[in-house]
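Participant: I'd like to ask you about the structure that follows.
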Amino acid sequence: MEAELEKAASIQMNLLPQVLPDYTEYQLHTFQEQCKSVGGDLFDVTELPDGRLLFLVADVSGKGMGASLLMSNILAAFRILYDDHEFDLVKAVTQISKQLVKYSKPELFATLFIGTIDNRNHTLSFVNAGHNPPILLKKSGDVKYLEPSGIMIGAFDFADWTEDRVEFDSGDMLLIFTDGVVEADKYGELYGDDRLEVLVKKMTELTPKKVVDKVMEDVLDFVVDSPRSDDITMLALKRN
């Protein structure tokens with residue numbers, strides 16, 4: 001069983017992008033740490049045929065082997081759609097959700113944040129499907145939360161979503177994370193959104209890697225020796 005879990009963990013790790021695209025005017029960093037050998041968090045980054053940068057972070061319900069199987073299904077399904085020269089966020093999310101509803105149990109669903117950025121007009125377009133609102137940190141230190149525009153994917157066949165857009169100014173940074181960050185548990189006390197916001201506001205001048213590193217360091221300092229209860233995934237994007 002241990003050998004099989006190690007093999008599964010290796011396969012799952014190799015499914016995730018090993019090299020991130022070099023996208024003009026932007027810095028990008030990703031991080032994932034699972035609380036078990038395999039898990040249900042996923043992320044992806046790619047450059048679409050029309051030149052837009054696409055990125056997504058998702059969190060599958062449950063943990064362990066079952067969650068990892070659903071994670072790989074979602075990732076593969078999205079990647080089939082990337083070659084579409086007219087890739088549409090809402091259409092893609094709707095297609096994947098309908099597939100999950102049709103071929104998985106009702107209790108299996110996923111929260112998802114998927115977005116694109118265009119370095120020609122610096123507009124961030126996104127769909128938030130029931131995911132923890134990412135933080136858009138402005139160069140001024142102000143924060144904007146990118147709230148959900150629909151429910152999680154795979155829950156109901158009648159669900160729908162809308163695409164939202166925000167301007168991505170010079171010096172702005174986007175931090176996307178799964179609930180393993182804000183729900184990190186220290187014997188009943190959660191790390192929380194407020195603690196994360198206070199920390200992030202202090203990091204306007206840092207690179208995405210340093211921001212992610214400091215968030216993870218702060219989470220670990222908070223939980224001390226409490227047992228880990230959830231996977232943690234983060235993706236940070238900053239415009240130079």
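Participant: Consider the range 223-240. How many of its residues are of a type outside the set (Gly, Ala, Ser) and not in a strand (DSSP E or B)?
Facilitator: As a first pass, look at the range 223-240 and keep what is of a type outside the set (Gly, Ala, Ser): 223-225, 227-228, 230-235, 237-240.
Keeping just the survivors that are not in a strand (DSSP E or B) gives 223-225, 227-228, 230-231, 240.
Looking only at that region, the number is 8.
Participant: Another one. I need every pair where a residue in the range 217-240 that is in contact (Cβ under 8 Å) with a residue 24 or more places away in the chain has its Cβ under 8 Å from the Cβ of a residue that is crowded, with 20+ Cβ neighbours inside 10 Å and acidic (Asp, Glu), sequence separation at least 6 or different chains.
Facilitator: Filtered contacts from the range 217-240: ASP231/ASP41; ASP231/ASP59; ILE232/ASP41; THR233/ASP41; THR233/ASP59; LYS238/ASP172; ARG239/ASP172.
Participant: Quick one: would you say LEU81 is closer than 23 Å to LEU237 by Cβ and either without any contact (Cβ under 8 Å) to a residue 40 or more places away in the chain or surrounded by 15 or more Cβ atoms within 10 Å (Cβ to Cβ) (or both)? Can you show your working first?
Facilitator: Details: closer than 23 Å to LEU237 by Cβ: yes; either without any contact (Cβ under 8 Å) to a residue 40 or more places away in the chain or surrounded by 15 or more Cβ atoms within 10 Å (Cβ to Cβ) (or both): yes.
Here the answer is yes, as LEU81 does meet what is asked.
Participant: Just name the residue that is farthest from the chain's Cα centre (by Cα) out of those in the range 20-52 that are assigned to a loop (DSSP other than H, G, I, E, B) and surrounded by 21 or more Cβ atoms within 10 Å (Cβ to Cβ).
Facilitator: First, the residues of the range 20-52 that are assigned to a loop (DSSP other than H, G, I, E, B): 20-25, 34-40, 48-52.
Those left that are additionally surrounded by 21 or more Cβ atoms within 10 Å (Cβ to Cβ): 34, 38-40.
Working: GLN34: 14, VAL38: 17, GLY39: 14, GLY40: 11 Å.
For the range 20-52, the residue satisfying everything is VAL38.
Participant: Sticking with this structure for a sec: Of these, ASP157, ASP218, ASP169, ASP185, which one is at pLDDT below 95, surrounded by fewer than 20 Cβ atoms within 10 Å (Cβ to Cβ) and farther than 26 Å from LEU75 by Cα? Even if it seems obvious, please write down each step before you answer.
Facilitator: Details: ASP157 fails: farther than 26 Å from LEU75 by Cα; ASP218 fails: at pLDDT below 95; ASP169 fails: at pLDDT below 95.
On inspection, the qualifying residue turns out to be ASP185.
Participant: In addition: Do the conditions hold for VAL19, that is, is it among the aliphatic types (A, V, I, L, M) and touching a residue at least 60 places away in the same chain (Cβ under 8 Å)?
Facilitator: Details: among the aliphatic types (A, V, I, L, M): yes; touching a residue at least 60 places away in the same chain (Cβ under 8 Å): no.
No: the conditions fail for VAL19.
This table checks each residue for (1) exposed (fewer than 14 other Cβ atoms within 10 Å of the Cβ); (2) modelled with pLDDT of 95 or more; (3) part of a helix (DSSP H, G or I); (4) of a type outside the set (Lys, Arg).
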{"residue": "LEU54", "(1), (2), (3), (4)": "no, yes, no, yes"}
{"residue": "GLY62", "(1), (2), (3), (4)": "no, no, no, yes"}
{"residue": "LEU69", "(1), (2), (3), (4)": "no, no, yes, yes"}
{"residue": "GLU86", "(1), (2), (3), (4)": "yes, no, no, yes"}
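Participant: Name every residue in the range 39-68 that is out of contact with any strand residue (DSSP E or B) (no Cβ under 9 Å at 6 or more places or on another chain) and either among the hydrophobic types (A, V, I, L, M, F, W, C) or under 26 Å from LYS238 (Cβ atoms) (or both), in order of residue number. Can you show your working first?
Facilitator: If we filter the range 39-68 for residues that are out of contact with any strand residue (DSSP E or B) (no Cβ under 9 Å at 6 or more places or on another chain), which is where we start, we get 49, 62-65.
PRO49, MET65, listed by residue number.
Participant: Taking the range 212-234, which residues are in contact with a helix residue (DSSP H, G or I) (Cβ under 9 Å, 6 or more places away or on another chain), hydrophobic (A, V, I, L, M, F, W, C) and over 22 Å from SER68 (Cα atoms)? Don't jump to the end; show me each part of the working.
Facilitator: Taking the range 212-234 and keeping what is in contact with a helix residue (DSSP H, G or I) (Cβ under 9 Å, 6 or more places away or on another chain), we get 214-216, 218-219, 222, 228-234.
Filter once more, keeping what is hydrophobic (A, V, I, L, M, F, W, C): 215-216, 219, 222, 232, 234.
Scanning the range 212-234 gives VAL215, MET216, VAL219, PHE222.
Participant: Oh, and also: Looking at (1) loosely packed, with under 14 Cβ neighbours inside 10 Å; (2) over 17 Å from the mean Cα position of the chain (by Cα); (3) of a type in the set (Phe, Trp, Tyr), which is the one condition that is false for TYR145?
Facilitator: Of (1) loosely packed, with under 14 Cβ neighbours inside 10 Å; (2) over 17 Å from the mean Cα position of the chain (by Cα); (3) of a type in the set (Phe, Trp, Tyr), only one is false for TYR145: (2).
Participant: A follow-up question, please. Just name the residue that is nearest to ASP44 (Cα to Cα) out of those in the range 221-240 that are at pLDDT below 90 and surrounded by 19 or more Cβ atoms within 10 Å (Cβ to Cβ).
Facilitator: ASP231
The values are calculated or read from the model by the stated rules, or taken from the named source; none is laboratory data. Treat the numbers as computed from the prediction; the structure is a model and nothing was measured. Methodologically, a virtual Cβ is constructed for each residue, glycine included, from the backbone with ideal geometry; neighbour enumeration extends over all protein chains shown.
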